[in-house]
């Protein structure tokens with residue numbers, strides 16, 4: 001069966017030092033790039049992780065420290081990987097939770113720009129788990145009736161994933177599926193955009209699942225004390241939560257998306273602030289300037305004779321005390 005593609009679809013698989021997206025490193029990456037005309041391009045890189053590979057990881061994928069001696073570190077191949085994936089949608093098994101966020105961490109550490117906007121992501125595991133709920137090995141046996149040869153090598157797992165998707169599309173053609181709300185659809189069709197919508201039903205913002213979209217398409221926290229709350233609402237009441245996450249042990253891609261939301265919210269907040277006009281300084285009152293006329297009038301006033309000036313005249317001088325005044329006083333105060 002041939003996939004109905006509008007642009008290349010890149011199936012890829014990573015082997016790593018562990019499953020911690022923020023701390024572990026890629027040791028192998030394999031990509032099968034399927035073109036709309038059916039042409040396949042296959043590329044596989046072994047990668048030096050710059051940290052020891054834990055034994056438990058080596059026992060799973062078979063890659064030990066001695067196997068990656070002399071291999072390039074990711075930053076030396078990052079440009080080549082990004083260029084190979086440049087025009088492609090992405091597909092993988094559990095890729096939305098592990099492979100895509102792990103790859104984005106490596107690109108960000110290497111300083112290589114790889115834009116996920118306007119790409120479609122098809123997680124084959126999500127189709128499988130929602131329709132049958134099995135592992136990749138069981139899925140390959142179930143859908144393709146085959147055993148994976150050299151399981152847990154990147155290329156073998158990648159090819160198995162591609163074959164499983166083709167078998168899923170064939171098997172579930174015209175088959176209805178009911179979601180948790182009782183809505184019935186035919187989700188598994190030969191169309192990458194439709195498969196993208198079906199395999200991203202949890203609507204993650206950052207792939208690590210710390211941020212998600214709600215029913216209204218708004219970003220909400222998907223963990224911790226603010227789970228389910230709009231990110232912008234949390235910024236408004238607890239802006240320090242942003243700083244805590246940016247300084248915490250969260251994946252770089254999670255921090256990048258959080259920074260985008262914060263920047264958008266902060267710009268909106270600044271635009272909503274009322275514009276306050278600066279206070280105008282009060283004019284300084286200047287002392288009245290005396291004109292020549294007023295100066296002339298003042299001069300005329302002080303040039304008048306004393307008795308003609310506009311001042312209050314002095315009272316008449318007191319009369320000297322005589323005998324009659326003394327007699328009147330004595331009569332007034334004599335005892336009766």
Taking a virtual spin label 7 Å from the Cα of residue 50 along the C-beta vector, which residues in the range 75-101 bring their backbone nitrogen under 15 Å of it?
75-79
Taking 189, 124, 220 and counting other C-beta atoms within 10 Å, the order from fewest to most:
189, 220, 124
Just want the ordering: 170, 30, 240, from fewest to most Cβ atoms lying within 10 Å of their own Cβ.
240, 170, 30
Under 1.5 on a/c is rounded, so check that first for the range 48-194, then, if it is not, pick prolate when a/b is larger than b/c and oblate when it is not; a ≥ b ≥ c are the square roots of the alpha carbon gyration tensor eigenvalues.
oblate
Once you have a ≥ b ≥ c as the square roots of the Cα gyration tensor eigenvalues for the range 202-271, tell me rounded if a/c is under 1.5, and otherwise prolate or oblate according to whether a/b is larger than b/c.
rounded
Label-to-label distance, nm, for residues given as residue 244 and residue 7 (7 Å Cα→Cβ offset):
3.9 nm
Where does each of 26, 32 land when they are ranked from fewest to most other beta-carbon atoms within 10 angstrom?
32, 26
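Taken together, the values in this text are just the output of simple stated rules run on the coordinates, not laboratory data. Everything quoted here is computed from the prediction, not taken from an experiment. As a convention, Cβ positions derive from the backbone with ideal geometry for all residues, glycine included, and neighbour counts pool all protein chains shown.
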